[in-house]
Structure formats: C-alpha cells, structure tokens
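Chemist: Sharing a structure below in structure tokens format, with a few things to ask.
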Amino acid sequence: MITVKCFAQVREISQTEEMSLSFHQNMSIADVQRQLCAQGEQWQKAFSLSPLIACNHIIVSENHVLNEGDEVAFFPPVTGG
Amino acid sequence: MVARVQETPINSDYETAELRRLLKLSGAIVTFCGLVRDFNHLGKIEGISLEHYPGMTEKTLLRLAQQAVKRFELEQVRIIHRVGRIDNAETIVWVGCAAVHRQAAFAGAAYIMDILKQDVPLWKKEHYGESSVWVEAKSTDKDAASRWQK
C-alpha cells in the first residue's frame, strides 16, 4: 500500500487528509496523480495548484518511482516563519 | 542543538537561558522573534493558524539547524516554531544562534529564517471574523533564500 497525505489548500480542495492506495511495481507519483484524478473533480482541482510533492519526507518530482509502503504528500508552497 | 514545533506559547526568556546554558566558547548570541501582525494588505486580522506536516516539519527544521551550524561554525542553534491557532502579537518563531564572534551569529540567524520560509513545511492561514484565507508564498521570500545559494 501507499499512504497519501494532503496539507493546507490541497487538503481542503481534495477533501482528503490521508488515504491509502494499492501499490504496483514501477508505480510513479504521476501514476498516483492519474489514479486520484480519476476518482473525482476535487483531485483535478487540487493538482491544478501544481502542489509540491514529498515522498517519505523528501521533496521529489512526479517522475519519482515508489516502493511498497511509501508515504506520499501533496502540499502548496510553504508560508511559515 | 534544538529544533521543534509546539502548540503552546513560546517563552523567549526560557529559550535564551537554555541556549546560554550549553555554551562554552561563544562570545555572541543573536536571537530572532517572528510575531503575528494584527493586519495584512487587506486590513485587520484576528490571529492565524499554522498547519504543519508532522514528521517532515521537525526533520526539515533539524536539518536546517545542522546546516547552519556547519556553514557558520555556530556553537549552538535553537529553532522553536509555533503550530496551531496563534493570536495577534504572539511569537510565531524563535531562533537563537551562538558563535564565537557576532558576524557568524547574525549570519546564522538570517540564513535560518530565509531558508525556513522557503523550505520548511508550514502553512499560514489568516482569520477574519468567521472567514479565513491561506497566505500565499511570496517571491521576496524566494529571493531571500536564493541569495544563500551564491
């Protein structure tokens, strides 16, 4: 399984804080995005923000290939401090 | 070295004392406090909320503290960031840097704040009565962080 987490505007627009997806070999972040977009318009809207992507707490690109058990997060540019 | 988030108010006097307690070589301490303003470009606000990514936020803060120690030869670094609901005028972030000489302590604190605002997963939402708005990332913050890459 893959865990997907969303934060800030991406969480609100996708209406998802955390969810699980089935893992398959050579699954990329782009595959995750395609799978989520097929689940509803809210995901298409969320990804239209071009969110940053983290895998296991490291910033990655959508070409990143996942492993079983990975945690993927989508969030907007940061605004702390 | 300490880098953490907390939901409770930041006690600047306590954090400064803790930083000083660990020092053996330093001749300079620079501290920075970021505060919640009671206004933005649209008018008055009634506090903010700060969302974070549990796990990644703490790791990124600690890595930033380690980078600052190495880059500026700091003796100690302390970074404390609030999360959750924060009232106007409260401290959002407290940074303390100690070094043998003042230039390194000043540079370390400036570096930490510039990179923190660009890299650490934290998101600010401003409250106005019943409504609230996410704060957008600023290009000036990106420019401030990029000057350290030169």
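Chemist: For peptide A:6-14, what's the mean number of Cβ atoms from other chains within 10 Å of each residue's Cβ?
Modeler: On the way: counts 0, 8, 10, 5, 1, 2, 2, 0, 0.
Mean partner-chain Cβ count within 10 Å for A:6-14: 3.
Chemist: Now for a different question. Would you mind getting the accessible area per residue of the range A:2-75, heavy atoms of the protein chains only, 1.4 Å probe, in Å²? List each step's numbers first, then the result.
Modeler: Values: 3730 Å² over 74 residues.
I get 50 Å² per residue for the range A:2-75.
Chemist: For chain A, modelled as a GNM with alpha-carbon contacts under 10 angstrom, which of A:ALA38, A:ALA30, A:ALA46 fluctuates the most?
Modeler: Looking only at A:ALA38, A:ALA30, A:ALA46, the biggest GNM fluctuation is shown by A:ALA38.
Chemist: Going by Cα centres, the range A:1-28 and the range B:68-92 are how many Å apart?
Modeler: Their Cα centres are 30 Å away from one another.
Chemist: Right, here's the next one. Please list the radius of gyration and Dmax for chain A, considering alpha-carbon atoms only, with Å as the unit.
Modeler: Just the Cα atoms of chain A yield Rg and Dmax of 11.7, 39 Å.
Chemist: Still on this structure: Given a 1.4 Å probe and no ligands, DNA or RNA in the count, how much accessible surface is buried by A and B, both sides, to the nearest 100 Å²?
Modeler: Values: alone 4890 and 8920 Å², together 12000 Å².
So the total buried area for this chain pair works out to about 1800 Å².
Chemist: Checking understanding here: applying a Kyte-Doolittle mean of at least -0.5 and a length along the axis of at least 18 Å (C-alpha), which whole DSSP H helices in chain B pass? Can you show the working numbers first?
Modeler: Details: long enough: B:56-72 (24 Å, -0.28); B:102-119 (25 Å, 0.13).
The answer, listed by residue number, is B:56-72, B:102-119.
Chemist: With a 1.4 Å probe and all protein chains left in place, how much of the accessible area of the range B:2-145 comes from carbon and sulfur atoms, in whole percent? Before the final figure, lay out the partial values.
Modeler: Values: 3850 of 7400 Å².
Ligands and nucleic acids excluded, carbon and sulfur give 52 percent.
The values are calculated or read from the model by the stated rules, or taken from the named source; none is laboratory data. Keep in mind the model is a prediction, meaning the values are calculated, not measured. Here the Cβ is made from the backbone with ideal geometry for all residues, glycine too, and neighbour counts use every protein chain on show. Remember, those area values only see protein heavy atoms, side chains included, never the ligands or the DNA or RNA. Shrake-Rupley method; radii C 1.70, N 1.55, O 1.52, S 1.80 Å.
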